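In what follows, a single structure is set out as structure tokens and then discussed.
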Amino acid sequence: MLDELVETEPNDALDQGQAISGATIINGRLEKRGDVDSFQLDLKAGQTLVAALDASRTLGSPMDAVMQVCDDRGFVIEQNDDARGTDPMVVLKIPRDGRYFVRLFAFPATPNSTIGFAGSKDYVYRLTLTTEGFVDHAFPMAVPRSGSPDIRLFGWNLAENLKPQTIALRDKSRTASLFAPSVANAIIVPMVEHPCIVATPGAGPKQPQAIQLPVVISGLVEENRDVDAFRFSATKGDKLIFRVESDSLGYLLDPLLTLIDATGNVVAEVDDTSRQRDCELATTIPADGDYDLQIRDVHRHGGFRYVYRITATKSQPDFKLTLASESFVLTPGKPLTIEIAVNRLRGFKEPIQITAVELPAGVTVKVVNSEPKGDSSKKVKLELSAKEGPAEGTFRISGTAVSDGGQPRFAGFKPAGSRDAIDQPWLTVLASPK
């Protein structure tokens with residue numbers, strides 16, 4: 001684990017830069033309009049510096065940050081804006097011994113008429129500065145619930161053949177944490193029921209990689225104009241869904257997904273979905289036979305961070321739960337009502353049991369059902385109660401259906417400026433009245 005410290009002011013100017021020694025995570029805030037945060041560290045020629053900011057994508061901070069690395073003369077030698085969503089990251093091989101400065105400033109995630117750097121109490125961030133191991137991605141980018149897959153970590157300053165440890169974050173969890181003691185960060189990946197494979201290098205339109213559905217494919221568009229291709233057999237009338245994730249995971253691929261039949265005709269093609277760079281292709285197979293699924297960057301770019309995850313399955317009815325807020329306040333003795341939107345996908349027609357789990361001590365919940373018809377099919381109200389307080393903490397709202405074997409779906413909320421939904425809202429239980 002890295003040392004952690006809190007950003008201290010004043011540190012706007014380079015000569016005021018907060019001194020950093022060794023690999024560190026800095027917890028900070030761009031707290032006012034015009035604020036700039038600077039940090040100084042001494043580095044050696046040949047070291048690889050990784051400076052990675054977590055703000056909008058993971059913390060929901062409503063800011064679009066910019067990061068600069070300057071030399072001891074104040075010249076900007078590297079700058080980045082949107083490396084991981086709207087969060088910047090700089091990876092720099094140090095050219096010579098000396099003192100270097102990492103500088104941060106931001107603009108509003110939602111553009112407005114303001115001219116100049118922005119800041120507020122909500123512009124919080126975590127900045128990792130390290131010349132030691134840092135993981136960018138893992139292959140495969142998902143792990144099956146059964147079996148022990150061979151997982152490889154990719155990033156910077158990593159030991160050769162580094163083997164990660166895997167921890168499921170919760171019982172029946174949908175995610176797992178991949179980490180190694182010698183690296184600065186962990187990678188969170190989904191736990192899935194389907195087989196997980198890695199795209200074979202060189203598998204392209206002339207020599208597609210054979211796959212069987214359902215499957216989760218992890219791959220990399222290695223270079224400009226690269227195209228990855230996968231071949232599978234399907235039957236007329238099969239309803240299939242191919243979901244690609246890259247941008248939403250903090251990577252650079254802007255995917256174009258194409259389905260081609262055995263005669264070379266394009267059956268379906270998709271670029272962006274719901275105004276997002278990641279895409280989903282839903283199609284009905286027109287005839288028995290072999291089909292090729294091809295993926296490339298829409299701009300024909302490629303490189304180390306052009307990674308993707310494709311989930312290829314047969315279309316099944318499903319549902320999604322959504323919250324209107326990421327935080328709630330409960331008064332002891334007075335029930336709190338939380339409204340949950342229910343989105344029934346692809347004709348899902350079963351009752352859904354909805355409850356709250358992992359609640360702070362002393363908080364109780366009345367379980368509700370979303371029925372296939374009527375008002376509750378689209379919206380339900382969950383009631384939380386507490387006899388006394390104070391208490392606080394995260395919790396989750398879970399929906400389960402009988403046909404899914406009790407596998408939960410968790411209600412999410414997407415903060416302004418964030419590309420990721422948060423499924424752990426915050427609950428504050430006020431102090432009991434005297």
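Brief remarks follow.
- Residue in region 230-277 that is modelled with the lowest pLDDT, counting only those that are under 16 Å from the mean Cα position of the chain (by Cα) and among the hydrophobic types (A, V, I, L, M, F, W, C): Leu249
- Scanning region 308-322 for residues that are open to solvent by less than 50 Å² (accessible area, probe 1.4 Å) and of a type in the set (D, E, K, R), we see that the one that is nearest to Arg277 (Cα to Cα) is Arg309.
- Selection within region 399-434: residues that are at pLDDT below 85 and among the β-branched types (Val, Ile, Thr). The member of this set that is least open to solvent (accessible area, probe 1.4 Å) is Ile422.
- Scan of region 88-102 for residues that are under 15 Å from Ser38 (Cβ atoms) and open to solvent by 50 Å² or more (accessible area, probe 1.4 Å), ordered by number: Arg99
- Figure legend. Inter-residue proximity from region 333-355: first residues without any contact (Cβ under 8 Å) to a residue 60 or more places away in the chain and over 24 Å from Lys314 (Cα atoms), second residues polar (S, T, N, Q) and open to solvent by 30 Å² or more (accessible area, probe 1.4 Å), beta-carbon distance below 6 Å, spacing 6+ or different chains. Indicated pairs: Pro335/Ser385; Ala341/Thr322; Gln353/Asn369; Gln353/Thr400.
- Members of region 253-278 found to be more than 19 Å from Pro140 (Cβ to Cβ), open to solvent by less than 70 Å² (accessible area, probe 1.4 Å) and in a loop (DSSP other than H, G, I, E, B), listed by number: Asp254, Gly264, Asp271
- Pro195 closer than 25 Å to Asp290 by Cβ and surrounded by 14 or more Cβ atoms within 10 Å (Cβ to Cβ): yes
- Lone qualifier among Ala65, Ala19, Ala45 - being on the phi < 0 side of the Ramachandran plot, crowded, with 19+ Cβ neighbours inside 10 Å and of a type in the set (Gly, Ala, Ser): Ala65
- Residues of region 323-347 that turn out to be touching a Lys or Arg at 6+ places or on another chain (Cβ under 6 Å) and either open to solvent by 70 Å² or more (accessible area, probe 1.4 Å) or of a type in the set (S, T, N, Q) (or both), as a count: 3
- You will find that of Ala55, Ala83, Ala109, the residue that is within 24 Å of Glu245 (Cβ to Cβ), open to solvent by 30 Å² or more (accessible area, probe 1.4 Å) and touching a strand residue (DSSP E or B) at 6+ places or on another chain (Cβ under 9 Å) is Ala109 and no other.
- Note on region 279-340: enclosed strands (runs of 3 or more DSSP E) holding 2 or more residues that are among the charged types (D, E, K, R) are 289-297, 307-314, 318-323.
- Some residue of region 151-171 being outside any strand (DSSP E or B), in contact with a Pro (Cβ under 9 Å, 6 or more places away or on another chain) and open to solvent by 70 Å² or more (accessible area, probe 1.4 Å): no
- The conditions of being among the acidic types (Asp, Glu), farther than 28 Å from Ile217 by Cβ and under 21 Å from the mean Cα position of the chain (by Cα) are not met by Asp136.
- Glu350 being more than 22 Å from Glu383 (Cβ to Cβ) and either open to solvent by 50 Å² or more (accessible area, probe 1.4 Å) or among the acidic types (Asp, Glu) (or both): yes
- Candidates Arg152, Arg145, Arg126, filtered to the one that is under 23 Å from the mean Cα position of the chain (by Cα), closer than 19 Å to Leu2 by Cβ and in contact (Cβ under 8 Å) with a residue 12 or more places away in the chain: Arg126
Yes or no, residue by residue, for (1) open to solvent by 50 Å² or more (accessible area, probe 1.4 Å); (2) part of a strand (DSSP E or B); (3) under 15 Å from Cys196 (Cβ atoms):
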position: Ser218; (1), (2), (3): no, yes, yes
position: Asn224; (1), (2), (3): yes, no, no
position: Arg231; (1), (2), (3): yes, yes, no
position: Gly237; (1), (2), (3): no, no, no
position: Leu240; (1), (2), (3): no, yes, no
position: Tyr251; (1), (2), (3): no, no, no
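- Hits in region 30-42 (condition: part of a loop (DSSP other than H, G, I, E, B) and open to solvent by 10 Å² or more (accessible area, probe 1.4 Å)): Glu31, Lys32, Arg33, Gly34, Val36
The values are calculated or read from the model by the stated rules, or taken from the named source; none is laboratory data. Keep in mind that what you see is a predicted model, and the values were worked out from it rather than measured. Positions of Cβ are generated from backbone atoms using ideal geometry, with glycine treated the same way; all protein chains shown enter the neighbour counts. Ligands, DNA and RNA are stripped out before the accessible areas are found, and what is left, the full protein with its side chains, is counted by its heavy atoms. Shrake-Rupley method; radii C 1.70, N 1.55, O 1.52, S 1.80 Å.
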